[in-house]
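The values are calculated or read from the model by the stated rules, or taken from the named source; none is laboratory data. Keep in mind that what you see is a predicted model, and the values were worked out from it rather than measured. All Cβ positions, glycine included, derive from the backbone under ideal geometry; neighbour counts span all protein chains shown. Just the protein is used for accessible areas: all its heavy atoms, side chains included, with ligands, DNA and RNA removed. Shrake-Rupley method; radii C 1.70, N 1.55, O 1.52, S 1.80 Å.
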Amino acid sequence: MKNRKTIIAIATILILIITSAVYVINANGKVGYIFETVKVARGSISNTVTATGTLEATNTVVVGTQVSGVIEKLYVDFNSKVKKGQLIAELDKSTLKSNLEIRRQEQSNAFFKGIIKPHEQIDFTMCNPPFHASLEESQAGTLRKLSNLKNQKITKPELNFGGKEGELWTEGGEKRFILNMIRQSKRFGKSCCWFSTIVSKQSNLKYIYRELDEIMAEEYKTIPMGQGNKTSRIVAWTFLSVEEEKNWVKDRW
């Protein structure tokens, strides 16, 4: 009984202490609250959330190249903004250069002899033949083209490209040059998968097709191309049969 009275007494004292901490008696004997006041001011309200995890981009793009190699120069960094067509890196070209071989034709009348070695396989050849039969024809063609472009008569020829005789003009012009190349290509028909050449003048196509039929090319096709007002085409031909082409692709590609 004595212990019970003691507990009640202690509880009563604690209640009084807590009550006295909340309420105060003012000078007039009235009960009041203690308020904390501050001056009204404009400010910012922030809410911070702390979390752990891995950040992942909403959209990702895998950037690759058609050939593998060591990056020599890098023009962007992480989070850099890039645009379509922008150069972002360059590969080391030393390996590519080591695989590049330049062969010069020493025989003025030969196309493939001395260039394609015995037992060598070439996937395709490409030729940009001389367009004109003489310097005078080349200059006349340039004057005509410039006059049409500027809509006025031009009397002084100004070539918009460089080149020497044999590159810009040759005896017989484009027609004879391509026909000679086609005839010589038959000898190397099993060493090259596809031969090809640019044909500037459409009027030469009928002679080219006739020559390809005469030397019995297995297949030939014409690929049109153009840039601005300039229209041209590529003629390609092969001496390999369909089965031989399949084996060529299987073995080399």
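Tabulated values for the structure
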{"quantity": "For C127, residues with placed amide H under 5 Å, excluding near neighbours", "calculated": "S196, T197, I198"}
{"quantity": "Set of aspartates and glutamates with alpha-carbon distance to K201 below 12 Å, sequence-local pairs under 8 removed", "calculated": "E174"}
{"quantity": "Proximal charge balance of E214 [Cβ under 12 Å; K/R count +1, D/E count -1]", "calculated": "+1"}
{"quantity": "Above-threshold pairs, the threshold being 31 Å between Cα atoms, out of K117/K250; K206/K230; K73/K250", "calculated": "K73/K250"}
{"quantity": "Inter-label distance, nm, simple model (7 Å from Cα along the C-beta direction), F35/V67", "calculated": "8.2 nm"}
{"quantity": "Under 14 Å, Cβ to Cβ, from L96 - net charge with Lys/Arg +1 and Asp/Glu -1", "calculated": "-2"}
{"quantity": "Förster-model FRET efficiency, 35 Å R0, N128 and K81, C-beta, rounded to 0.05", "calculated": "0.30"}
{"quantity": "Accessible surface, per residue, of the stretch 181-234 when the full set of protein chains is kept, probe 1.4 Å, Å²", "calculated": "60 Å²"}
